[in-house]
1. With no solvent and one point on each alpha carbon, what is the Debye value of log10 I(q)/I(0) for region 2-56 at q = 0.27 Å⁻¹?
2. List the pairs from 39/129; 71/139; 88/129; 10/139 whose alpha-carbon separation is above 19 Å, in the order I gave them.
3. Once ligands and nucleic acids are excluded and a 1.4 Å probe is used, how much of residue 5 is accessible, expressed in Å² to the nearest 10?
4. Using the Kyte-Doolittle scale, which helices in the chain average at least 1.0 and also have C-alpha atoms spread 20 Å or more along the helix axis, with helices defined as whole DSSP H runs?
5. Mind ranking 105, 20 by accessible surface for me, highest first, 1.4 Å probe?
6. Want the number for residue 59 to residue 139: 0.36 nm per residue separation, take away the alpha-carbon distance, what's left?
7. Taking Rh as the Kirkwood radius computed over C-alpha pairs, what is the Stokes-Einstein D of the chain at 10 °C in a medium of viscosity 1.306 mPa s, expressed in µm² per second?
Amino acid sequence: IGSNLARIGKGFGMEVVGFDTHKNTTLAKQTGLRYIGLKQLFQRSHIISLHIPGTPLTERIINRTLLSQVKPGAILLNTARGSIVDAKAVMKALDSGRLQAYLTDVLDREQYLRHQPRELTPKARAALKLQRELVRHPKVWVTPHVAHDTAEASQQILVHTLSVIEQFSRGRKISTII
């Protein structure tokens, strides 16, 4: 998604900068993408779009410290994983004007939204309360996460799943991590 966004940005004449631990030199040549440090990216970007996996290493990577560096009035777009963003820090940045808007189709611990608070542990209730505060914030736009909800995506999932089953049935090493 990030690669496609870089191509689209180039098409609109944008200066495209990015941060990645695995630099794609081909993409950089095609789009004019310039890799910079994460702190620099937050300091100079008008629009920041997140495209990173949710792992223990990336949990809350977008935090108060990083958001304190954001260019005033920037827009933060998260279509990656809810766990990479510290919701309290985002709301603080929105309230202070450092962020103009937060746009997302993912929330941390989304599964809690389907439950009544009384069904949850105290820790889960606190997480649910925070998520509800975030989605009700006037500068937050939340849309459904439906990236997988296309015929093409369903076909790709099916083909990949069948491939993994075939590898397993033949005793081969499975390289997919779920």
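The values are calculated or read from the model by the stated rules, or taken from the named source; none is laboratory data. In this text, all values refer to a predicted model and were calculated from it rather than measured experimentally. Just so you know, the surface numbers come from the protein's heavy atoms only, side chains and all, with ligands and any DNA or RNA stripped out. Shrake-Rupley method; radii C 1.70, N 1.55, O 1.52, S 1.80 Å.
1. These q points yield log10 I(q)/I(0) values of -1.25.
2. Beyond 19 Å between Cα atoms: 39/129; 10/139.
3. Rounded to the nearest 10, the figure is 80 Å².
4. Within the chain not a single helix satisfies the rule.
5. Accessible-area ranking of 105, 20, largest first: 20, 105.
6. 26.5 nm
7. Translational diffusion coefficient: 86 µm²/s.
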